[in-house]
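A quick write-up on the structure given underneath.
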Amino acid sequence: MFDVAIIGAGVIGCSIARELARYKLDVCVLEAKADVAMGSSGANSGIVHAGYDCKPGTLMARLNVEGNIMYDDISRELDFPFKRNGSMVLAFTEEDMQTLYHLMDQGIKNGVTQLKILTTQEALRMEPNLNPDIKGALWAPTGGITSPFEVTIAMAENAAENGVQFYLDHAVLSIQRYSDEKFRITTSKGDFISRYVINAAGINSDLIGQMVGEHSFSIHPRKGEYCLYDKKWGDLVTSTIFQPPSRLGKGVLVTPTVDGNLLVGPDAVDVDQRDDVNTTDDGLRFVYQKALESVPYLPRTDIITQFAGLRAIADGGDFIIRPSNTAEEFIQVAGICSPGLSAAPAIGKYVADILNGIMQKKGRGLESRRDFNPNRRGISRFSDADWNTRAELIKKDQRFGRIICRCEMVTEGEIVQALRRNPPALTVDAIKRRTRAGMGRCQGGFCTPRIMEIMERELGIPMDRITKKGEGSKMVLGKIKDFLGEDARC
Amino acid sequence: MLSMKADVVVIGGGPAGLAAALSCHERCIRDIVILERDSHLGGILQQCIHNGFGLHWFGEELTGPEYAQRFIDLVEEAKIPYLLDTMVVDIDENKTVYAVNPQHGPVQIQAGAVIMAMGCRERTRGALMIPGGRPAGVYTAGMAQRLMNIEGYMPGREVVILGSGDIGLIMARRLTWEGANVKMVCEIMPYSTGLIRNIRQCLEDYGIPIKYKCTVVKIHGSQRIEGVTIARVDDARRPIPGTEEFVSCDTLLLSVGLIPENELSQKANVQLDPLTGGPIVDEYRQTSVPGIFACGNVLHVHDLVDYVSEEARIAGYGVWRYLNGLDSKCGLQGDGRARIKAGCGIRYVVPQMISGEEDIELFFRSDNIYDNGTVELVDGDQVLASKRFLRIVPGQMERFKIKREALSGIKPGDGLVVRWRSLG
């Protein structure tokens, strides 16, 4: 039996898990997919927004600004990449300039510091590759970039280290009141009993909410497509370049990533299916054309991959973070679209406060654990290390001297570490998210079979059971000769 | 960091690197080291278990591993040192090479001359920007080849191949032999980008259809690929609306081009030719950085490994000249070389610079199929040399030998052109 069951291991579920790990609670995280960060947390812009876009007075505005401030400390504690590279919103027309003043005004109301309107010359001095025809720009130096899946993985690993139990590949099928005090959660792999349930199911959070009878909100998927460029273009811009926001979102951005690539996207298209992460010809073309308005020097070649992610849009537009209307012990954390990644650390704290309130009403609030370890060390990265550190790494473990992914310079040592973390990386994509193996310009063409060899050896499973991303995604479909008929075989 | 010196550092122990090292050795250079990132010598040939290698070089038909082994044996005989599992991470213009391996950790080697022989990589789905899902089962042909021939596993059962590059054609046959159903090969161009003999021996002999002017416009499936939408394309290679057709499959292999792998060369400030994707070299295969040479698929994509071996031999000769101070006309300062450009009908030509001191051989590819004509080397209005061809095709690398006498009139800085001229 658990005190708290968190449904969903995206950045929100993992942030809440890590926050609750500070207290004397038995916590589990139930995730339908084969790894953490497989929904929206794995496919978004990776921006830690300054907080000027949100309407003042909304929960979004408050948690965005609070979360943004927390990123410096939490990235140090959890050892994930984070850089305050600053955000710039461009104005292409005089009307856009009015929008910038409006955004600045909003930002100040929301508590965003250091906002400044730049002249064309000032903006171009900072970013020489911008469209020279811009009328001006809003500069927000507190804006930052991170790796959304690394944030999620870091939070999950730190939560696990502090006792939170992760159940991957456990899809929640139904939730019942077990007794007055408890819930019974039926998953694809067995039942769980828990006093409290936190619904952080992202794109499916309305469906999970309905399992306890709450029909007060629904979630609409809004797709965004991206193009990722080769690292040779990573310094085309140094800050994150936005266009004036529209009704559908913050618009197409051009940004360096923390790993040194250049990312452009997303568009914003409402879709019907909750699993529609297909890229489209129209979407990709739109993103490219739109990005050209900001940075006219954007190359046509050297795009190494494209992807799409879904925003979980709730009616009303604001985050929904509150106890369920039907059951106080069931906390809804829904509609966490952008700036969800920026707000994630603050959402963790906010949910802990709500839980504490409910528990206090019942008698006893949250009690801190003295042995909570807030620190987590990431996998030692060969590519980021200087030569002395590399020499030490190899001295300790020879496998850090064998490079498996040549594009991203990922060693066997890192891949073996990824397999042994908690929660473990058990799929090819999970290893990719933790080590960057296969994320480079050859997109895994050379290293994938070698990674599969290492998985086969370390996990003790044959290659024909290795998957790309969980159930139904086998990498190979059989052994040589398996498909030959009986006649051919003898 | 372990620090070493060597007269010649060869980066890459595949066919180009092995032949280049042997060529240096034949010229009595003894202080050589080959750096190979894999755990064995031979490079990608080790997974090319089909035959057809060596007809030009050895006069007999060998498999890839056999071809490689002949060179490996010679390297062992000559006692040329090599380091396996050794990845070169960095190199600078002073020819200091930084590498790493499990045994020695970081290694720094000061080279007298460097031979780049890192080979090429395959174009990916991402580079083509094929829309759709991102399921398992979408692989480059070379990766599928490794899965089958090295690991012993079947990438899939129902296969569509996009692109008619040689590896894709070879894999069509290989998969068929192992009981997979290769449904079709789609080629966006009106002709094959692979060798004619491979179209015959790998597709026609097995009744595998090839659809020209056809491409994949969508990948279906979220976990494992469930099918592709194919469409015909117009002359500008744009899909024609209304011609879309769904083809179910569990595997999509891509054989859509090879890209010389020159990230390392760029670290040493080696100038690249946008047409080949490889370094700009002279007839000795010396790059724009004096003392750095290149050969094999890192220089331009070859169709036959035999030609790689030939080119590597030239690079070895160039290194010998360089180490003996015979390359006075080369180098960045006071360049005494003439440039060669691809003209009408020609996609690229290697070398791109010549001094004209010796007989040379030009390697080139055409930009389309041309019948009955000549390929000419011209200097302004003057035809310096020409060679008759019954047919040239983009999938086949062609060669053009030119005597030193024909080049006696060229001057430094001249812009020579190689072009196609039709007869009849």
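Throughout, read-outs are computed from the coordinates displayed, never taken from laboratory work. This is a predicted model, so every value here is computed, not measured. Quick reminder, even Gly has a Cβ in these numbers, built from the backbone with ideal geometry, and neighbours come from all protein chains shown.
I'd like to know which of A:ILE241, A:MET359, A:GLY8 lies farthest towards the positive end of the charge dipole of the protein assembly as shown, counting +1 on Cβ of Lys and Arg and -1 on Cβ of Asp and Glu.
A:MET359
Which FRET efficiency value, to the nearest 0.05, is calculated for B:TYR212 and B:HIS50 with the Förster distance at 30 angstrom and r the Cβ-Cβ distance?
Efficiency for this residue pair is about 0.80.
Under 25 °C and 0.890 mPa s, how fast does chain A diffuse according to Stokes-Einstein, given a Kirkwood radius computed over C-alpha pairs? Answer in µm²/s, whole number.
Here the translational diffusion coefficient equals 104 µm²/s.
When averaged across all projection directions, what area in nm² does the alpha-carbon convex hull of region B:286-401 cover?
Numbers: hull surface 29.9 nm².
Over all viewing directions, region B:286-401 projects a mean Cα-hull area of 7.5 nm².
Under a point-charge model restricted to the Cβ atoms of Lys and Arg (+1) and Asp and Glu (-1), what is the dipole moment magnitude of the protein assembly as shown relative to its Cα centre, in debye to the nearest 20?
Charge dipole of the protein assembly as shown: 740 debye, to the nearest 20.
Can you list residues from other chains, or at least 5 along the same chain, whose modelled amide H is less than 5 Å from the amide H of B:LEU195?
The answer is B:ASP166.
Which value, in Å to one decimal place, does the Kirkwood hydrodynamic radius take for the protein assembly as shown when every pair of different Cα atoms is included?
29.8
Say the cut-off is 23 Å between C-alpha atoms; which of A:LYS481/B:LYS183; A:LYS250/A:LYS469; A:LYS24/A:LYS362; A:LYS231/A:LYS432 go over it?
Checking Cα-Cα distances, A:LYS250/A:LYS469 exceed 23 Å.
Go through B:MET154, B:PRO102, A:GLN106 and say which Cα lies farthest out towards the positive end of the charge dipole of the protein assembly as shown; charges sit on Cβ, +1 for Lys and Arg, -1 for Asp and Glu.
Checked the options; the winner is A:GLN106.
If N is the number of residues in chain B, what value comes out of its Cα radius of gyration divided by 2.2 N^0.38 Å?
1.01
Which order, highest average first, do A:125-137, B:216-228 follow once you tally other Cβ atoms within 10 Å for each residue and take the mean per peptide?
Packing proxy ranking, top to bottom: B:216-228, A:125-137.
Quickly work out the A:SER368-to-A:GLN289 label distance, labels modelled 7 Å from Cα along the C-beta direction, and quote it in nm with one decimal.
That separation, rounded to one decimal, is 5.6 nm.
Would you calculate the separation in nanometres between label points at A:GLN360 and B:ASP7, each defined as 7 Å from the Cα along the Cα-to-beta-carbon direction?
8.2
Alpha carbon centre of region A:162-214 versus region B:3-38: separation in Å?
Answer, in whole Å: 62.
Ignoring solvent entirely, what values of log10 I(q)/I(0) come out of the Debye formula for region A:266-394 at 0.10, 0.17, 0.18 Å⁻¹ when each Cα is a single scatterer?
-0.67, -1.05, -1.08
Using a Cα-Cα cut-off of under 27 Å, which lysines could be cross-linked to B:LYS387, ignoring same-chain neighbours fewer than 8 residues away?
Correct list for B:LYS387: B:LYS341, B:LYS401, B:LYS403, B:LYS411.
Measure off 7 Å from each Cα along the Cα-to-Cβ vector at A:VAL271 and A:ASN375, then give the distance between these two points in nanometres to one decimal.
Reported label-point gap for A:VAL271 and A:ASN375 is 4.2 nm.
Want the number for B:GLU263 to B:ILE150: 0.36 nm per residue separation, take away the alpha-carbon distance, what's left?
Working it through step by step, the gained length comes to 38.0 nm.
B:HIS50's amide H: which non-local residues (gap 5+, or another chain) put their own amide H closer than 5 Å, with H modeled 1.01 Å from N in plane and none for Pro or chain starts?
Close amide H contacts, sequence-distant or interchain: B:GLY64.
Between A:MET126 and A:ASP105, what FRET efficiency follows from the Cβ-Cβ distance if R0 is 25 Å, with the result rounded to 0.05?
That pair, A:MET126 with A:ASP105, gives E of 0.65.
Pick from B:THR215, B:THR96, B:THR243 the residue whose mean-square fluctuation is largest in a GNM of chain B, springs joining Cα atoms under 10 Å.
B:THR243
What residue among B:GLY257, B:GLY296, B:GLY13 shows peak mean-square fluctuation when chain B is described by a Gaussian network model with Cα springs under 10 Å?
B:GLY257
So how tilted is helix B:15-26 from the main axis of chain B? Cα-based, degrees 0 to 90, rounded to 10.
Taking the Cα atoms of chain B, the angle to B:15-26 is about 20 degrees.
Report the FRET efficiency, 1/(1 + (r/R0)^6), for B:ASP359 and B:ASP90, where r is their Cβ-Cβ distance and R0 is 45 Å, rounded to 0.05.
0.75
Could you work out, residue by residue across B:219-229, how many beta carbons of other chains sit within 10 Å of that residue's beta carbon, and then give the average as an integer?
Numbers: counts 2, 1, 3, 7, 8, 9, 1, 0, 0, 0, 0.
So the per-residue partner count for this stretch is 3.
Roughly speaking, what is the centre-to-centre gap between region B:249-322 and region A:238-282 when only Cα atoms are used, to the nearest Å?
Taking the Cα centre of each part, region B:249-322 and region A:238-282 sit 37 Å apart.
For region A:187-199, take each phi angle, set θ = phi - 60°, evaluate the Karplus expression 6.51 cos²θ - 1.76 cosθ + 1.60, and give the result in whole Hz per residue in order, putting x for glycine and proline.
10, 5, 10, x, 9, 10, 10, 8, 6, 10, 10, 10, 8
Which number comes out as Rg/Rh for region A:66-189 once both Rg and the Kirkwood Rh are worked out on C-alpha atoms?
Rg/Rh: 1.20.
Would you work out if region B:336-424 is rounded, prolate or oblate? Take a ≥ b ≥ c from the square roots of the eigenvalues of the alpha-carbon gyration tensor; rounded if a/c is under 1.5, else prolate when a/b is larger than b/c, oblate otherwise.
Since a/c reaches 1.5 and a/b is larger than b/c, the shape of region B:336-424 is classed as prolate.
Could you tell me the relative contact order of region B:124-256? Use alpha-carbon pairs under 8 Å, at least six residues apart, and round to a whole percent.
33
How high is the relative contact order of chain A, in percent, counting Cα pairs under 8 Å that sit 6 or more residues apart? Numbers along the way, then the final one.
On the way: 1097 pairs, mean separation 91.9, N = 490.
Normalised by residue count, the contact order of chain A is 19 percent.
Over the alpha-carbon set of region B:124-256, work out the extent along each principal axis and list the three values in angstrom, largest first.
So the three principal-axis extents are 40, 36, 24 Å.
From the helices alone, meaning DSSP H stretches of at least four residues, give me the mean residue ellipticity at 222 nm for chain A, per-run term -39500 (n - 2.57), in deg cm²/dmol to the nearest 500.
Working: 13 runs with 153 residues, N = 490.
Result for chain A: -9500 deg cm²/dmol, rounded to the nearest 500.
Long-range amide H contacts for B:ASP31: which residues qualify at under 5 Å (H placed 1.01 Å from N, peptide plane, sequence gap of 5 or more or a different chain)?
Long-range HN contacts for B:ASP31: B:ASP7.
With contacts defined as alpha carbon pairs under 8 Å and 6 or more residues apart, what's the relative contact order of region B:336-424 in percent?
41
Of the residues B:HIS40, B:HIS302, B:HIS25, which exhibits the maximal mean-square fluctuation in a Gaussian network model of chain B defined by a 10 Å Cα contact cut-off?
It is B:HIS40.
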